[in-house]
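Asker: Below you'll find the structure I mean.
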2 protein chains.
Amino acid sequence: MTALRNIDIDLLRSFVTIAELRSFTRAAAALSRTQSTISTQVRRLEEIAGQTLLRRSPQEVLLTRAGEDFLGYARRIVALHDEALDVVRAQGVSGRVRLAVMDDYATIVLPETLARFARSHTEVELEVTTGFTRDLMNALGEEFDLVLATQRAGDGRGEVLRTERTAWAASDRHDLSLAGPLPLALLKAPNMYREWALEALNEAGLGWRILFSSSSIGAVEAMAAAGAALTVVKAGTARPGLRLLGTEHGLPALPASEIALHLAPGRPGAAARALSSFLAEALREGRES
Amino acid sequence: MTALRNIDIDLLRSFVTIAELRSFTRAAAALSRTQSTISTQVRRLEEIAGQTLLRRSPQEVLLTRAGEDFLGYARRIVALHDEALDVVRAQGVSGRVRLAVMDDYATIVLPETLARFARSHTEVELEVTTGFTRDLMNALGEEFDLVLATQRAGDGRGEVLRTERTAWAASDRHDLSLAGPLPLALLKAPNMYREWALEALNEAGLGWRILFSSSSIGAVEAMAAAGAALTVVKAGTARPGLRLLGTEHGLPALPASEIALHLAPGRPGAAARALSSFLAEALREGRES
DNA sequence: TGGTCAAAATCGAATAATTCAATTTTGGCT
DNA sequence: AGCCAAAATTGAATTATTCGATTTTGACCA
């Protein structure tokens, strides 16, 4: 029999995730565990609670009365736990850190994470700049202490946090004809994704034309979402309205990209070290170990 | 390396206990673990926190700055966790339960526990009576659904929750002369401890006289604490002002006693079952498993 | 009704984490 | 310097957790 008095934070986190996603399988994917593990965790949790917390059906998972009551506690405990960890880790960390982030992450993933960092690290002066990887990397050590950059998978420089599939994307409401030169919406040169896209099309012998070229990711994606052109995105940061396309649609494969954190040479200050490990933990995929 | 994102509630509980007792060794005893386990737990916790939380010295253990900040969170998380468990386990439990408790526990250990039960089990009508084990047991099934009783160790009836050493006790401020008939303060007959005391003295061939006899434990203990007489207590419930004495003082050994929970025959109601397992968990010594 | 299908449960084996007992190290005090 | 109580360490044994493979479940539909 398992411990009856102490619920692992893991179990609470799984429970909260299941309640949000209404599915063991989706929760398992979100938490980088297998479905069988999640199922076992729920059994353990229900055993400790002495109550059925989730009502399962092949369609969806719903909370029981007891589950609803418990969910509030579980959320509060997990939140308090995470806050405690942020705060205690921030203890004694002060100074200034200048972070540079490539544009797409600055919109999708980072705001929430940076806000959390700022909230707990009250003695740290945080300065964030966004731009294109190429420019940012050039200024590493000069203008920036830390650069979060995209690079070709396998590059391996910096601390690699995750790998993202690169994919063609078009509007999910319009069918794009693949006959004739493909209309493209791409970031202005020089840009890695632009180069990848054009190289891949050329190698595949497909015709193309640049219909839209901008230095704003938002504008490029909006253009694609409007149905006028094809573009290239990281699979993980695709905005709603875009449909991902691949080789099954007759388009050439694209190299995967990796997200890496680059630290300025020399001994980093306390603030830079703290932000670096904070970002690494928050962004790294798979499970923490 | 251990998980960096999830702190086990166990670690938090140990940390809180150490902070309160200012000692790894005492915390280990209080939590039914070894000192080495506690030490390892603290190392794990500090590794996750990335900070030294406790400043150790052979004299006492003190909190660091980070430790103080963290202690508040740890307390809140543990409290929330325990409340969550109480509440979810109480879900759907209603009805009436009549509990009888022997007098000494009614003062020392139970009030807090019963208050916790009442707070979480809002739909349960709880009635508590105190008295002497003998009377209470006679009314089990009639007036009471549940009786918490003291019995001779090894008796084994009911669900045994813990064993307590029985000890002679006298004032810690006065030296009692052991020459001549020993002045005793005891509960009125019939009472188990009274019988044990007199039998033990008789067998040892020691003289005695009853100086004070009352049906109030409080009065008996007060009399002993005032230095006028010797009495007999459970080692675990001795009030301040009393000093425990044993065979090393020339007094005869006394039988140990066990605390047991007796359930009325027949199928117990939901309220009785809930209170029963609640008490068992709260009072049982050693670790929960 | 019975078949189907996606999702959850179960099972056995491998892995990982926790605990303990024994011993060593530490830090303050005399 | 030496002593002592308390914490740290170490290695072995135990216990718990996770995974992959498979089976079972239950809502829905023909």
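Asker: Could you check the spin-label model distance between A:T34 and A:S213? Points 7 Å from the Cα along Cα→Cβ, value in nm.
Answerer: My value for the distance between the label points is 5.1 nm.
Asker: Using the basic label-point model (7 angstrom from Cα toward the beta carbon), what is the B:R152 to A:R5 distance in nanometres?
Answerer: The two pseudo-label positions are separated by 3.1 nm.
Asker: Across peptide A:42-50, what mean number of C-beta atoms from other chains lies inside 10 Å of a residue's C-beta?
Answerer: Counting Cβ atoms of other protein chains within 10 Å of each residue's Cβ and averaging gives 2.
Asker: Return the Rg/Rh value of the stretch A:28-67, two decimal places, where both radii are evaluated on C-alpha atoms and Rh is the Kirkwood radius.
Answerer: 0.99
Asker: Report the charge-dipole magnitude of the stretch B:162-205 in Debye, nearest 20, computed about the Cα centre from +1 at each Lys and Arg Cβ and -1 at each Asp and Glu Cβ.
Answerer: 180 debye
Asker: Assuming 0.36 nm per residue, please report the length gained on full extension of the stretch B:A204 to B:L244 beyond their Cα-Cα distance.
Answerer: 12.5 nm
Asker: Once you compute Rg and the Kirkwood Rh from C-alpha atoms, what is the Rg to Rh ratio for the stretch B:9-89?
Answerer: 0.98
Asker: I would also like to ask the following. May I ask for the equivalent-ellipsoid semi-axes of the protein assembly as shown, computed as the square root of five times each C-alpha gyration tensor eigenvalue and listed largest first in whole Å?
Answerer: Whole-Å semi-axes of the equivalent ellipsoid: 69, 29, 15.
Asker: DSSP loop trypsin sites (Lys or Arg not before Pro) in the stretch A:120-176 with at most 14 other Cβ atoms within 10 Å of their Cβ, which ones?
Answerer: Qualifying residues, ordered by number: A:R157, A:R173.
Asker: Expressed as a fraction of 2.2 N^0.38 Å, the rule-of-thumb size for a compact globular protein of N residues, what is the C-alpha radius of gyration of the stretch A:61-156?
Answerer: Dividing the Cα Rg of the stretch A:61-156 by 2.2 N^0.38 Å gives 1.48.
Asker: What does the structure give for A:162-168 when I average, per residue, the other chain Cβ atoms found within 10 Å of the residue Cβ?
Answerer: 0
Asker: If you don't mind, another one. Suppose we keep just the DSSP beta bridges with both residues in the protein assembly as shown; what percent of those would be antiparallel, to 5?
Answerer: Given both bridge residues lie in the protein assembly as shown, the antiparallel proportion sits at roughly 55 percent.
Asker: I want to verify the translational diffusion coefficient of the stretch A:166-255 in µm²/s; compute it with Stokes-Einstein, Rh as the Kirkwood radius over Cα pairs, at 37 °C and 0.692 mPa s.
Answerer: 259 µm²/s
Asker: Further, regarding this structure: For A:R267, place a label point 7 Å from Cα along the Cα-to-Cβ direction in every copy; what are the distances to the other copies, in nm, shortest first?
Answerer: 7.3
Asker: Taking a point 7 Å out from Cα toward Cβ as the label site, list the nm distances between A:T163 and the same residue in every other copy, smallest first.
Answerer: 6.0
Asker: While we're looking at this one, here's another question. Could you tell me what percent of the DSSP beta bridges with both partners in chain B are antiparallel, to the nearest 5?
Answerer: Once the DSSP bridges in chain B are tallied, antiparallel ones form about 55 percent.
Asker: Further, regarding this structure: Just for the stretch A:166-255, what percent of DSSP beta bridges are antiparallel, to the closest 5?
Answerer: Looking only at bridges with both residues in the stretch A:166-255, the antiparallel portion is about 55 percent.
Asker: Any idea how far apart B:T122 and A:T107 come out in nm if each label point goes 7 Å out from Cα toward Cβ?
Answerer: Here the modelled spin labels are 4.7 nm apart.
Asker: Tell me, what is the Rg over Rh of chain A, with Rh the Kirkwood radius over Cα pairs?
Answerer: In chain A, Rg relative to Rh is 1.04.
Asker: Give me the inter-chain shielding for A:78-89: mean count of other chain Cβ atoms within 10 Å, whole number please.
Answerer: Partner Cβ neighbours, averaged per residue: 6.
Asker: If I take R0 = 41 Å and measure r between the Cβ atoms of A:R26 and A:D135 in this structure, what FRET efficiency does the formula 1/(1 + (r/R0)^6) give, to the nearest 0.05?
Answerer: Calculated value: 0.60.
Asker: Distances in nm, one decimal, shortest first, from B:S213 to the same residue in every other copy, taking the label point 7 angstrom along Cα→Cβ.
Answerer: Label point to label point, same position, other copies: 11.0 nm.
Read-outs: derived from the displayed coordinates by stated rules, not from any lab. This one's a predicted model, so the numbers in the text were calculated from it and none came from an experiment. Counting neighbours? That spans all protein chains shown, and the Cβs are built from the backbone with ideal geometry, glycine included.
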